Amino acid sequence: EMSAPINDGGPAFPTPAGIQHNDGMTLRDYFAAAAMQGMLSDADSGGSGSEFAKAAYSCADAMLKAREAKP
């Protein structure tokens with residue numbers, strides 16, 4: 001059974017059309033990095049790196065889903 005592809009939001013820092021450029025990180029990665037930065041800013045936060053990563057990507061996926069919602 002194939003699962004649906006993850007919406008990565010496309011490039012975090014897109015370039016104008018016609019310019020050849022490596023798109024680098026996706027918007028999903030950018031959101032996850034920002035979420036993880038906030039989580040790790042709490043000196044009392046406990047957990048493993050993989051737990052933080054899973055939580056950060058969960059936050060990123062929620063942020064991408066919120067972007068898709070109609071206002």
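What follows draws every value from the coordinates through simple rules; no lab data is involved. All of these numbers come straight from a predicted model, not from anything done at the bench.
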Review point. Which far-off residues, 5 or more places away or on another chain, put their amide H under 5 Å from the one on T26, with H placed in the peptide plane?
Key: A12
Review point. Once phi is turned into ³J(HN,Hα) by the Karplus curve 6.51 cos²θ - 1.76 cosθ + 1.60 with θ = phi - 60°, what whole-Hz value does each residue of region 48-54 show in order, with x for glycine and proline?
Key: 8, x, 5, 5, 5, 4, 4
Check your understanding: Once phi is turned into ³J(HN,Hα) by the Karplus curve 6.51 cos²θ - 1.76 cosθ + 1.60 with θ = phi - 60°, what whole-Hz value does each residue of region 32-39 show in order, with x for glycine and proline?
Key -> 5, 5, 5, 5, 5, 4, x, 4
**Study point:** Full-stretch length increase - T15, S58 - with 0.36 nm per residue and alpha-carbon distance subtracted
**Key:** 12.8 nm
